[in-house]
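> Structure below; questions to follow.
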Amino acid sequence: KAGVTQTPRYLIKTRGQQVTLSCSPISGHRSVSWYQQTPGQGLQFLFEYFSETQRNKGNFPGRFSGRQFSNSRSEMNVSTLELGDSALYLCASSLNPGTTEAFFGQGTRLTVV
Amino acid sequence: KQEVTQIPAALSVPEGENLVLNCSFTDSAIYNLQWFRQDPGKGLTSLLLIQSSQREQTSGRLNASLDKSSGRSTLYIAASQPGDSATYLCAVSGVDNQGGKLIFGQGTELSVKP
């Protein structure tokens, strides 16, 4: 059974650009959530989707957005990139939000220069 | 607002030692608590999930306990090995419409010396 797949694994972008990250959950999982990990702030919740609906959103500016498709795949977008957006972005999938085990992908390492 | 704290931040032990990692949370209204392992630059690997109605879970050399009323969980690692060296994170999930949101501690960086 394939795990959570995140693409791309590495990205280098310039300040002001935008970026789209992709996450394919484990087959059958309908809940997808995104997290930002930085050395200073640790793991912080970005947003969560279930059956194509955003259920929760973390305390991030509106430049951070996401969506989920009918096949449960999810994308997150960051516009007008800032140096501080450099981080490891992690996606997690689960059968049902909160009540079942969450499985994480390998992450996308974003570097903004 | 839920806050999760992990103590110690770093731990170095000789191979073969048994050890305990601690996790505390401020709000006992949780669905479950999950322990993860993270190797440098990698994603998170799920180790154990404890539902709020459970007291402990075991997997191989790992045993996790949960005391929801006191807001505490421990991860016990028996007979530690150098391959156990990693950062260990605990996370709690909220209830109702907060269920899909995991709140993480800052992690405990474990080093097991041969």
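The values are calculated or read from the model by the stated rules, or taken from the named source; none is laboratory data. Just so it is clear, the model here is predicted, and its values are computed rather than measured. Please note: Cβ atoms are built from the backbone with ideal geometry, for glycine as well, and neighbour counts cover all protein chains shown. Keep in mind that these areas ignore ligands, DNA and RNA; they rest on the heavy atoms of the full protein, side chains included. Shrake-Rupley method; radii C 1.70, N 1.55, O 1.52, S 1.80 Å.
> Within 14 Å of chain A (Cβ to nearest Cβ) and either of a type in the set (A, V, I, L, M) or open to solvent by 50 Å² or more (accessible area, probe 1.4 Å) (or both), is that true of B:Ile50?
Working: within 14 Å of chain A (Cβ to nearest Cβ): yes; either of a type in the set (A, V, I, L, M) or open to solvent by 50 Å² or more (accessible area, probe 1.4 Å) (or both): yes.
Criteria met by B:Ile50.
> Here's another thing I want to ask about it. Just to be sure I understand, how many residues within the range B:10-46 are within 12 Å of the chain's Cα centre (by Cα) and over 20 Å from A:Leu90 (Cβ atoms)?
Result for the range B:10-46: 5.
> Taking A:Gly66, is it in contact with a strand residue (DSSP E or B) (Cβ under 6 Å, 6 or more places away or on another chain), away from chain B (no Cβ under 11 Å) and open to solvent by 20 Å² or more (accessible area, probe 1.4 Å)? Walk me through it before giving the result.
Numbers: in contact with a strand residue (DSSP E or B) (Cβ under 6 Å, 6 or more places away or on another chain): yes; away from chain B (no Cβ under 11 Å): yes; open to solvent by 20 Å² or more (accessible area, probe 1.4 Å): yes.
Yes; evaluated as a whole, the condition is true for this residue.
> Scanning for something open to solvent by 70 Å² or more (accessible area, probe 1.4 Å) and under 14 Å from the mean Cα position of the chain (by Cα), does the range A:72-95 turn up at least one residue? Please lay out each step first, then the result.
Quick first cut of the range A:72-95, residues open to solvent by 70 Å² or more (accessible area, probe 1.4 Å) only: A:80, A:82-83, A:95.
If we keep only those that are under 14 Å from the mean Cα position of the chain (by Cα) as well, we get none.
No: the range A:72-95 contains no residue that is open to solvent by 70 Å² or more (accessible area, probe 1.4 Å) and under 14 Å from the mean Cα position of the chain (by Cα).
> In the range B:96-114, how many are of a type outside the set (Phe, Trp, Tyr) and either in contact with a helix residue (DSSP H, G or I) (Cβ under 9 Å, 6 or more places away or on another chain) or open to solvent by less than 50 Å² (accessible area, probe 1.4 Å) (or both)? First the steps, then the outcome.
Of the residues in the range B:96-114, the ones of a type outside the set (Phe, Trp, Tyr) are B:96-103, B:105-114.
Keeping just the survivors that are either in contact with a helix residue (DSSP H, G or I) (Cβ under 9 Å, 6 or more places away or on another chain) or open to solvent by less than 50 Å² (accessible area, probe 1.4 Å) (or both) gives B:99-100, B:102-103, B:105, B:107-108, B:110-114.
Qualifying residue count for the region: 12.
> Moving on to the next point. Only residues that are farther than 19 Å from B:Glu3 by Cα, open to solvent by 40 Å² or more (accessible area, probe 1.4 Å), more than 11 Å from the chain's Cα centre (by Cα) and more than 8 Å from chain B (Cβ to nearest Cβ): list them for the range A:20-55, please.
Selection gives A:Ser27, A:Gly28, A:Arg30, A:Ser51, A:Glu52, A:Thr53, A:Gln54.
> Take residues that are over 26 Å from A:His29 (Cα atoms) and tell me which of the strands (runs of 3 or more DSSP E) falling wholly in the range B:37-114 contain 3 or more.
Values: elements: B:44-51, B:56-59, B:62-67, B:72-77, B:86-93, B:102-104, B:108-113.
Those strands (runs of 3 or more DSSP E) span B:62-67, B:72-77, B:108-113.
> Tally the residues that are touching a residue at least 40 places away in the same chain (Cβ under 8 Å) and open to solvent by 80 Å² or more (accessible area, probe 1.4 Å), restricting the search to the range B:53-85.
The qualifying residues number 4.
> Assuming B:Glu56 fulfils every condition listed in (1) modelled with pLDDT under 95; (2) out of contact with any Lys or Arg (no Cβ under 9 Å at 6 or more places or on another chain) apart from one, which condition is it?
(1)
> Now for a different question. Mind checking which pairs have a first residue in the range B:15-34 that is touching a residue at least 24 places away in the same chain (Cβ under 8 Å) and a second that is of a type in the set (Lys, Arg) and in a loop (DSSP other than H, G, I, E, B), Cβ under 7 Å, 6 or more apart or different chains?
These pairs meet every condition: B:Ser28/B:Lys68; B:Ile30/B:Lys68.
> Within the range B:11-43, count every residue that is in contact with a Gly (Cβ under 9 Å, 6 or more places away or on another chain), surrounded by fewer than 16 Cβ atoms within 10 Å (Cβ to Cβ) and hydrophobic (A, V, I, L, M, F, W, C).
1
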